[in-house]
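Asker: This structure is in structure tokens; I'll ask about it shortly.
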Amino acid sequence: MRGRPAAAFDEFCEVWTYPTPATDGQAWANRVTESWLAAHGAECPDAVVIPGYFIQSTMPGDDGELVVTLEDAPGALAALKPAARDIIDRTAAEYPELERVTAKTANGETSSSYTRGQWEIRVPFRERAAMAAENPEPASTLIGQEWADEKMNQWLTKIRADEIAELSAGFKLITRWSSPAPGELVVYLDAALLEQPHLQGPHMTIDIELQGIAVTILDNIYFDAPELKQVTAVLENGAAGETVRRGDKWFTH
């Protein structure tokens, strides 16, 4: 394996121990870690392939956060995000309270997190629906522009973006949003979207692009915003616009 000499491996899981569960938080962290290892059919991180074998210890962080420490070794920095994602992927369904896994280097200088929201948007729709039925989110009580702002903040938080400028492709051309009626979100895009390189080929149209933007937003926060009925993506100049609704085919499979 890359990253360490063979002699550094706890090949038979003889060295690995869980931290003493002196607190409820540490007991929880130990259970999540044990579940992650069991998903790999392993008894210690060294029995897990990259990126898992870099993990030295796990402990609770903020509410709903598991903090894992990776050893300082060649390859560990590149393993931070994959390690956090792997733990979320294999334990989030069993532990609905797990909101985030943060992987950090042993010296504490570098860290990377992977969130439940990032995991959820990759889960098949029917599985997300089943999880949401067990732990439904409340409908928002806001209205008008405040509600629209809340929905967009929910979406940006879900995809781990601080602002629109960080987004890719057509999404970065979103200029504003509004709510003309309860449950309806309208997202406006700069007409410069028409000039984007990925729209210049023979198989892509502005209607498909706008539909894809609306579908993505509604899909990402479908279960976080049960009162959200539809999303419309429209050009600022009104030249094109597409609306997707909660009952459309994308959300019934």
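Asker: Residues that are modelled with pLDDT under 95, open to solvent by less than 30 Å² (accessible area, probe 1.4 Å), over 28 Å from R160 (Cβ atoms) and assigned to a loop (DSSP other than H, G, I, E, B): does region 30-52 have at least one?
Answerer: Yes, the conditions are met somewhere in region 30-52.
Asker: When you scan region 137-162, how many residues do you find that are of a type in the set (D, E, K, R) and farther than 17 Å from E120 by Cβ? Walk me through how you get there before you give the answer.
Answerer: As a first pass, look at region 137-162 and keep what is of a type in the set (D, E, K, R): 137, 146, 149-151, 158, 160, 162.
Filter once more, so that each one left must be farther than 17 Å from E120 by Cβ: 146, 149-150, 162.
Count: 4.
Asker: Kindly indicate which of P74, P96 is open to solvent by 30 Å² or more (accessible area, probe 1.4 Å), touching a residue at least 60 places away in the same chain (Cβ under 8 Å) and either farther than 22 Å from T17 by Cβ or among the hydrophobic types (A, V, I, L, M, F, W, C) (or both).
Answerer: Numbers: P96 fails: touching a residue at least 60 places away in the same chain (Cβ under 8 Å).
Unique residue meeting the criteria: P74.
Asker: For a quick check of your reading of the model, give me the residue pairs whose first member lies in region 13-28 and is more than 23 Å from A92 (Cα to Cα) and in contact (Cβ under 8 Å) with a residue 24 or more places away in the chain, whose second is open to solvent by less than 80 Å² (accessible area, probe 1.4 Å) and not in a loop (DSSP other than H, G, I, E, B), with beta-carbon atoms closer than 8 Å and at least 6 apart or on different chains.
Answerer: Partner pairs satisfying both residue conditions: C13/D46; C13/A47; W16/P45; W16/D46.
Asker: Looking at region 104-156, which of the residues that are within 16 Å of E94 (Cα to Cα) and of a type in the set (D, E) is surrounded by the fewest Cβ atoms within 10 Å (Cβ to Cβ)?
Answerer: Per the stated criteria, the residue is E134.
Asker: Okay, next question. Identify, please: which residue in region 193-235 is at pLDDT below 95, open to solvent by 40 Å² or more (accessible area, probe 1.4 Å) and in contact with a strand residue (DSSP E or B) (Cβ under 9 Å, 6 or more places away or on another chain) and is, among those, nearest to Q118 (Cα to Cα)?
Answerer: I208
Asker: When you look at F12, is it over 30 Å from Q154 (Cβ atoms), hydrophobic (A, V, I, L, M, F, W, C) and open to solvent by less than 20 Å² (accessible area, probe 1.4 Å), yes or no?
Answerer: On the way: over 30 Å from Q154 (Cβ atoms): yes; hydrophobic (A, V, I, L, M, F, W, C): yes; open to solvent by less than 20 Å² (accessible area, probe 1.4 Å): no.
No, not satisfied.
The values are calculated or read from the model by the stated rules, or taken from the named source; none is laboratory data. All values reported here derive from a predicted model rather than from experimental measurement. Quick reminder, even Gly has a Cβ in these numbers, built from the backbone with ideal geometry, and neighbours come from all protein chains shown. Side chains are part of the model used for accessible areas, which takes the heavy atoms of the whole protein and leaves out ligands, DNA and RNA. Shrake-Rupley method; radii C 1.70, N 1.55, O 1.52, S 1.80 Å.
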